[in-house]
Amino acid sequence: MSVNEAALANLEQLEIEVPSWAYGNTGTRFKVFPQPGVPRNPFEKIEDAAQVHKYTGLAPRVALHIPWDKVDDYSQLSSFAADHGLELGTINSNTFQDELYKLGSLTHSDSKVRKRAIDHHLECIEIMGKTGSRDLKIWLADGTNYPGQDDMRDRQDRLADSLGKIYEQIGPSQRLVLEYKFFEPAFYHTDVPDWGTAYAQVMALGERAVVCLDTGHHAPGTNIEFIVMQLLRLGKLGSFDFNSRFYADDDLIVGAADPFQLFRIMFEVIRGGSFDKKSNVTFMLDEGHNIEAKIPGQIRSVLNVVEMAARALMIDLGALERAQEAGDVMGANDIFMDAFYLDVRPALAQWRAGRGLAADPMAEFLASGYLAQIGETRVGGNQAGWGA
Ligand code: PSV
Ligand code: MN
């Protein structure tokens, strides 16, 4: 089997959004590990994100997290991003770090707490107006730790009510994107634990409410590509938060733990017709680079998505369909696996060079001296990280 150049050209359609928080300091439950040259503010995060786009050519947007990326003047931040060849992307809300939300935010039994959480989202929508962002992404840390701690059904009703109030303020070209996660930080039950709950909640809201699938948010052994297929089939897959997990929500480089899973996911994206510039699916990374260098971590992530997308594009769809129709179990599986095993890296290097990009983005970035430069110049101030 050889590389199908025409199919490879479809990569032009791909846009990967990087998270601003990937450039700040992150860590484990036990320690946050600082690195030299880490940004002190959202502007410096954008400078770092621009490096990822410069070398890969496929990462033109940066997602922000509020309040971590709050600034006085969002139009200044937008034009700073534009000067660096980037756009501001998804606005992520944050109701998981305030004392107030210890027992929940949009689901809390106290209407005053719920109102505070709703108001935070309205503020995020206001920011979206200024940054030109399309998506408001909501992930909730809400849940309980002990059976009987709170009424699960009431919490679901309160969630529906709170989301309804937020959705009312979502503009005609904006979307509310609800992210699910099966556990953590709550351990007994989580209020939005799975795609079914997220789907039920967004369906009740309306057309501009969709689901975010974070690849790290499933129990071991979950067939994630089935969920991708189903949400696409239902027209409700709004975005991906790409990362890798071995055990829990590890937030590692996407494709690092299981490249074959990423390949299967990208196949379902292609099969579902969403590998397209006009696609309504946002391909976002959601990662924290604790022990590896951050910009290289993001470059590797983008390249992994590109590589697995390229391999998935190599599947001979006509032959696959014929084998499936003929009930040729092994033949169909062979067609699928042949594409996965095809080494597309030399063809990808050529494709990049043909677009005036670095043939080897990682090597060229490392040789550029940018890491040493930020290490020397970004001294003093407070490094960005969780809570900043
Ligand atoms: C929660 O684990 C999550 O995946 C959500 O997307 C948050 O916004 C993000 O991580 C923050 O790190
Ligand atoms: Mn996420």
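Looking for whichever is crowded, with 23+ Cβ neighbours inside 10 Å and over 16 Å from the mean Cα position of the chain (by Cα) here; the options are VAL228, VAL192, VAL210. Which one fits?
Numbers: VAL228 fails: over 16 Å from the mean Cα position of the chain (by Cα); VAL210 fails: over 16 Å from the mean Cα position of the chain (by Cα).
Answer to the selection: VAL192.
None of HIS108, HIS84 is surrounded by 12 or more Cβ atoms within 10 Å (Cβ to Cβ), away from ligand 1 (no atom under 16 Å from the Cβ) and farther than 30 Å from GLN51 by Cα except HIS108. Counted as qualifying within the range 288-362 are the helices (runs of 4 or more DSSP H) with 1 or more residues that are under 27 Å from GLU17 (Cβ atoms) and open to solvent by less than 20 Å² (accessible area, probe 1.4 Å), namely 294-313, 329-341, 345-354.
Only a single item in (1) open to solvent by 80 Å² or more (accessible area, probe 1.4 Å); (2) within 16 Å of ligand 2 (Cβ to nearest atom) is not met by ARG153, and it is number (2). The lone criterion from (1) touching a Pro at 6+ places or on another chain (Cβ under 6 Å); (2) under 18 Å from ARG264 (Cβ atoms); (3) of a type outside the set (A, V, I, L, M) left unmet by ASP286 is number (2).
Here's the yes/no breakdown for (1) in contact with a strand residue (DSSP E or B) (Cβ under 7 Å, 6 or more places away or on another chain); (2) among the β-branched types (Val, Ile, Thr); (3) at pLDDT 95 or above:
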| position | (1), (2), (3) |
| --- | --- |
| ILE295 | no, yes, yes |
| ARG300 | no, no, yes |
| VAL305 | yes, yes, yes |
| ARG311 | no, no, yes |
| ALA326 | no, no, yes |
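Return yes when THR282 is surrounded by 18 or more Cβ atoms within 10 Å (Cβ to Cβ), within 16 Å of ligand 2 (Cβ to nearest atom), touching a residue at least 60 places away in the same chain (Cβ under 8 Å) and under 15 Å from GLU179 (Cα atoms) and no when it is not. So THR282 fits the description; yes. Take LEU348 and decide whether it is over 16 Å from LEU58 (Cα atoms) and at pLDDT 95 or above. Judged against the criteria, LEU348 is not a match. Can you confirm whether ASP214 is within 16 Å of ligand 2 (Cβ to nearest atom), touching a residue at least 24 places away in the same chain (Cβ under 8 Å) and either out of contact with any strand residue (DSSP E or B) (no Cβ under 6 Å at 6 or more places or on another chain) or more than 27 Å from ALA9 (Cβ to Cβ) (or both)? It is true that ASP214 is within 16 Å of ligand 2 (Cβ to nearest atom), touching a residue at least 24 places away in the same chain (Cβ under 8 Å) and either out of contact with any strand residue (DSSP E or B) (no Cβ under 6 Å at 6 or more places or on another chain) or more than 27 Å from ALA9 (Cβ to Cβ) (or both).
Against the condition in a helix (DSSP H, G or I) and closer than 18 Å to ARG155 by Cβ, how does ALA200 come out, does it pass?
Criteria met by ALA200.
Among the residues of the range 246-259, at least one is among the aromatic types (Phe, Trp, Tyr), within 16 Å of ligand 1 (Cβ to nearest atom), in contact (Cβ under 8 Å) with a residue 12 or more places away in the chain and open to solvent by 30 Å² or more (accessible area, probe 1.4 Å).
State all residues of the range 297-331 that are touching an Asp or Glu at 6+ places or on another chain (Cβ under 9 Å) and of a type outside the set (D, E, K, R); if no residue qualifies, say none. Within the range 297-331, GLY297, GLN298, SER301, ALA312, MET314, ILE315, ALA323 qualify.
Sort out which residues of the range 165-180 are more than 16 Å from ligand 1 (Cβ to nearest atom) and open to solvent by less than 20 Å² (accessible area, probe 1.4 Å), and write them in order of number. Don't jump to the end; show me each part of the working.
Just the residues of the range 165-180 that are more than 16 Å from ligand 1 (Cβ to nearest atom), to begin with: 165, 167-174.
If the condition is that a residue be more than 16 Å from ligand 1 (Cβ to nearest atom) and open to solvent by less than 20 Å² (accessible area, probe 1.4 Å), then ILE170, GLY171 are the ones that fit.
Within the range 43-80, can you find the residues that are in contact with a helix residue (DSSP H, G or I) (Cβ under 6 Å, 6 or more places away or on another chain) and without any contact (Cβ under 8 Å) to a residue 40 or more places away in the chain? Correct list: PHE43, VAL71, PHE80.
Name the one entry in PHE246, PHE275 that is away from ligand 2 (no atom under 16 Å from the Cβ), in contact with a helix residue (DSSP H, G or I) (Cβ under 9 Å, 6 or more places away or on another chain) and not small (Gly, Ala, Ser). First the steps, then the outcome.
Details: PHE246 fails: in contact with a helix residue (DSSP H, G or I) (Cβ under 9 Å, 6 or more places away or on another chain).
Among PHE246, PHE275, only PHE275 is away from ligand 2 (no atom under 16 Å from the Cβ), in contact with a helix residue (DSSP H, G or I) (Cβ under 9 Å, 6 or more places away or on another chain) and not small (Gly, Ala, Ser).
Filter the range 78-112 for residues that are touching a Ser or Thr at 6+ places or on another chain (Cβ under 7 Å) and either in a helix (DSSP H, G or I) or closer than 27 Å to THR56 by Cα (or both) and give the result. Passing the criteria: SER78, LEU88, GLY89, THR90, ILE91, TYR101. Restricting the range 1-44 to residues that are among the aliphatic types (A, V, I, L, M) and open to solvent by 20 Å² or more (accessible area, probe 1.4 Å), the residue that is farthest from GLU307 (Cα to Cα) is VAL32. Checking each residue in the range 217-245 for being aromatic (Phe, Trp, Tyr) and within 16 Å of ligand 1 (Cβ to nearest atom) picks out PHE240, PHE242.
Against the condition under 18 Å from the mean Cα position of the chain (by Cα) and either open to solvent by 50 Å² or more (accessible area, probe 1.4 Å) or of a type in the set (Gly, Ala, Ser) (or both), how does GLY89 come out, does it pass?
On the way: under 18 Å from the mean Cα position of the chain (by Cα): yes; either open to solvent by 50 Å² or more (accessible area, probe 1.4 Å) or of a type in the set (Gly, Ala, Ser) (or both): yes.
Spelling it out, GLY89 is indeed under 18 Å from the mean Cα position of the chain (by Cα) and either open to solvent by 50 Å² or more (accessible area, probe 1.4 Å) or of a type in the set (Gly, Ala, Ser) (or both).
The values are calculated or read from the model by the stated rules, or taken from the named source; none is laboratory data. A quick note: this is a predicted structure, and the numbers were derived from the prediction, not measured. Ideal geometry is used to build each Cβ from the backbone, glycine not excepted, and the neighbour counts take in all protein chains shown. Just the protein is used for accessible areas: all its heavy atoms, side chains included, with ligands, DNA and RNA removed. Shrake-Rupley method; radii C 1.70, N 1.55, O 1.52, S 1.80 Å.
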